[in-house]
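Below: one structure, written as structure tokens.
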Amino acid sequence: MPKFAANLTMMFTDVPFLDRFKAAAEAGFKYVEFLWPYDYPVETLKEKLEQYGLQQVLFNTSAGDINAGEWGRAAIPNREADAKKDIDLALEYAISLNCPNVHIMAAVVPKGANKEEYKQTFVKNLRYAADKFKPYGIRICLEALSPQVKPNYLLKSQLDTLEIVELVNKDNVFIQLDYFHAQNVDGNLSQLTCRLKDKIAHIQIASVPDRHEPDEGEVNYPYLFNKLDEIGYHGVIGCEYKPREETISGLGWLKPYK
């Protein structure tokens with residue numbers, strides 16, 4: 001039976017961010033994820049999790065300067081100091097929030113840049129992160145982003161992500177399999193799930209093509225949830241989707257899994 005996490009960046013947006021913990025708990029969620037925690041003191045977030053009996057399961061390293069086109073800094077050549085700063089800060093938050101997974105964001109590769117240099121920089125910084133996270137039992141996750149969502153991101157296919165995981169060659173570095181991005185780029189999701197099963201630490205869902213609740217669109221999520229049970233996936237599934245209307249009215253799809 002799958003376990004689901006509310007993505008507080010994308011769900012319950014009718015209330016301020018810090019009120020979304022309560023909203024998620026009242027909707028029946030026991031797990032939460034979000035993009036970034038760094039706008040809030042870690043003590044504030046920890047208090048919210050404890051107050052509402054929630055487990056934080058995932059967040060990202062800093063995206064960097066979004067206004068300048070950055071989307072992660074861990075793969076940018078000659079920016080290793082920034083990458084390590086992002087990694088160290090994420091580790092501090094993960095320890096305090098008892099969060100088992102951190103997604104380390106790679107980078108957008110500018111047109112004309114040497115993609116191989118970005119890849120090698122990413123591998124080097126991931127090895128640094130893996131060694132830092134290892135004593136705390138926290139897993140590093142890597143996510144491929146489809147070009148229609150984030151053009152020129154270093155990782156676009158799940159096979160790009162698998163390649164980096166294998167190059168890093170650390171036992172705490174895994175794939176964050178987002179079925180929305182995977183369907184847009186790779187397709188054949190059941191076969192992909194089986195192929196990657198030993199490398200998956202976290203999963204995210206949304207409908208394709210509109211990125212709404214998983215009860216519409218071209219992906220048969222009940223089938224995939226059964227497939228995840230078959231392969232022995234015991235992690236959490238993050239609901240990283242944009243509700244069609246307000247969040248509560250769209251949660252009917254979740255009832256069979258409560």
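Extension gain, residue 246-residue 198: 0.36 nm per intervening residue step, less the Cα-Cα distance, totals 13.7 nm. Rolling a 1.4 Å probe over the heavy atoms of the protein chains gives region 147-189 an accessible area of 39 Å² per residue.
Taking only protein heavy atoms and a 1.4 Å probe, the accessible area of region 3-254 is 46% carbon and sulfur. Cross-link partners of residue 124 among lysines, defined as those whose alpha carbon lies under 16 angstrom from its own and excluding same-chain residues fewer than eight positions apart: 84, 85, 115, 132, 134, 170. DSSP beta bridges confined to region 23-172 are antiparallel in about 10 percent of cases. Looking at the chain alone, DSSP beta bridges between its own residues are antiparallel in about 5 percent of cases.
Here region 149-258 is treated as an ellipsoid with the same Cα gyration tensor; its semi-axes, largest first and in whole Å, are 25, 17, 12.
When averaged across all projection directions, what area in nm² does the alpha-carbon convex hull of the chain cover? Intermediate values should be presented prior to the final figure.
Working: hull surface 51.4 nm².
Mean orientational projected area (the chain, Cα hull): 12.9 nm².
Within straight-line reach of residue 255, meaning a Cα separation under 23 Å, sit the following lysines at least 8 residues removed in sequence or on another chain: 3, 22, 30, 227, 242.
Gyration tensor analysis over the Cα atoms of region 218-258 returns equivalent ellipsoid semi-axes of 22, 11, 10 Å (largest first, whole Å).
The values are calculated or read from the model by the stated rules, or taken from the named source; none is laboratory data. Keep in mind that what you see is a predicted model, and the values were worked out from it rather than measured. To get the accessible areas, we keep the full protein, side chains included, count just its heavy atoms, and leave off ligands, DNA and RNA. Shrake-Rupley method; radii C 1.70, N 1.55, O 1.52, S 1.80 Å.
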